[in-house]
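Here is the structure we will look at, set down as structure tokens.
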Amino acid sequence: MSFTLEDLNQRVAARAAASPDESYTARLLSRGVQKCAQKLGEEATEAVIAAVAADRPGLIGEAGDVLYHLLVLLKATDVPLEEVMAELESRTAQSGLTEKASRGKS
């Protein structure tokens, strides 16, 4: 498989520059951060439901929707994917349990 998260991010950026009349991504972004966040939440909930129901094809589809809507939300809030990836990379320098403990209680 050669399609990457960065490929999807570039596609989101390109479609964000289109007219909202021609692009779902541009239309979603034109509705603001709140709508983008709502869509991500809806897709995440649908992914959870598919996982609990052991609906593998459903989970695969919903996971794709979650990734897409996360990238749209990052675009809407001017958070570059590179910053998220750098954060993830910094977390892999230690064990997950150690990293989680270092964040304190939440």
Equivalent-ellipsoid semi-axes of the range 5-79, from the Cα gyration tensor, Å, largest first: 24, 13, 10
Computed FRET value (nearest 0.05) for Thr45 with Ser90, which takes r as the C-beta separation and R₀ as 35 Å: 0.75
Pairwise FRET efficiency - Glu83 versus Arg56, Cβ, R0 = 35 Å, nearest 0.05: 0.65
GNM flexibility winner over the chain from Ala37, Ala51, Ala86 (Cα, springs under 10 Å): Ala86
At least 27 Å along the helix axis (C-alpha) and Kyte average at least -1.0, DSSP helices within the chain: 33-52, 56-76
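Read-outs: derived from the displayed coordinates by stated rules, not from any lab. If you're wondering where the values come from, they're calculated on a predicted model, not measured in any experiment. Glycine gets a Cβ as well: all are built from the backbone with ideal geometry, and neighbour counts include every protein chain shown.
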